[in-house]
1. Neighbouring Cβ atoms within 10 Å as the yardstick, rank 16, 84 fewest first.
2. Can you compute the FRET efficiency between residue 86 and residue 131 using 1/(1 + (r/R0)^6), with r the Cβ-Cβ distance and R0 = 41 Å? Round to the nearest 0.05.
3. Using helices alone, what [θ] at 222 nm do you get for the chain, with -39,500 (n - 2.57) per DSSP H run of 4 or more residues, divided over all residues and rounded to the nearest 500?
4. For residue 104 and residue 74 in one chain, what is 0.36 nm times their gap in residues minus the Cα-Cα distance, to one decimal in nm?
5. Enter the Cα centre distance for the pair region 39-117 and region 1-38, rounded to the nearest angstrom.
6. Any chance you could give the angle, 0 to 90 degrees and rounded to 10, that helix 50-66 forms with the longest Cα principal axis of the chain?
7. For 92, 112, what ranking results if the residue with the fewest other Cβ atoms within 10 Å of its Cβ goes first?
8. Most exposed first by the Cβ proxy, i.e. fewest other Cβ within 10 Å, how do 18, 109, 48 rank?
């Protein structure tokens, strides 16, 4: 099932491949976003720029939270924390965003980004608010 997050302008700009949502993904607040990596995303040291990783994590967490909203509701990220575990030069990154807890207005979400070999690249959390 496609949703409004799959073709967001930022997803198109960065080349995010947003996996289609199942009904379970919508109920639990889950999203998987892949990013093919090439040297356009590298910093001067030849590795994926940390800002790209933060954008990927933010997208996965935002999509996960957004899938729990009712029709016509919107949201905004309040804060984002990211911990980088290892430098990246891989060909593909996989971000999995999962809702931790949601109230009526505020939700807490986490994300793990791994490379194509399953190695943990970074871990992130954020808070979102329904607006």
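We did not get these values from a lab; they are worked out from the coordinates using the rules stated. Every value quoted in this text rests on a predicted model; they were computed, and no experiment measured them. Positions of Cβ are generated from backbone atoms using ideal geometry, with glycine treated the same way; all protein chains shown enter the neighbour counts.
1. 84, 16
2. After rounding to 0.05, the efficiency reads 0.70.
3. -6500 deg cm²/dmol
4. 9.5 nm
5. 11 Å
6. Taking Cα atoms only, the helix is inclined about 20 degrees.
7. Listed from fewest to most nearby Cβ atoms, that is 92, 112.
8. 18, 48, 109
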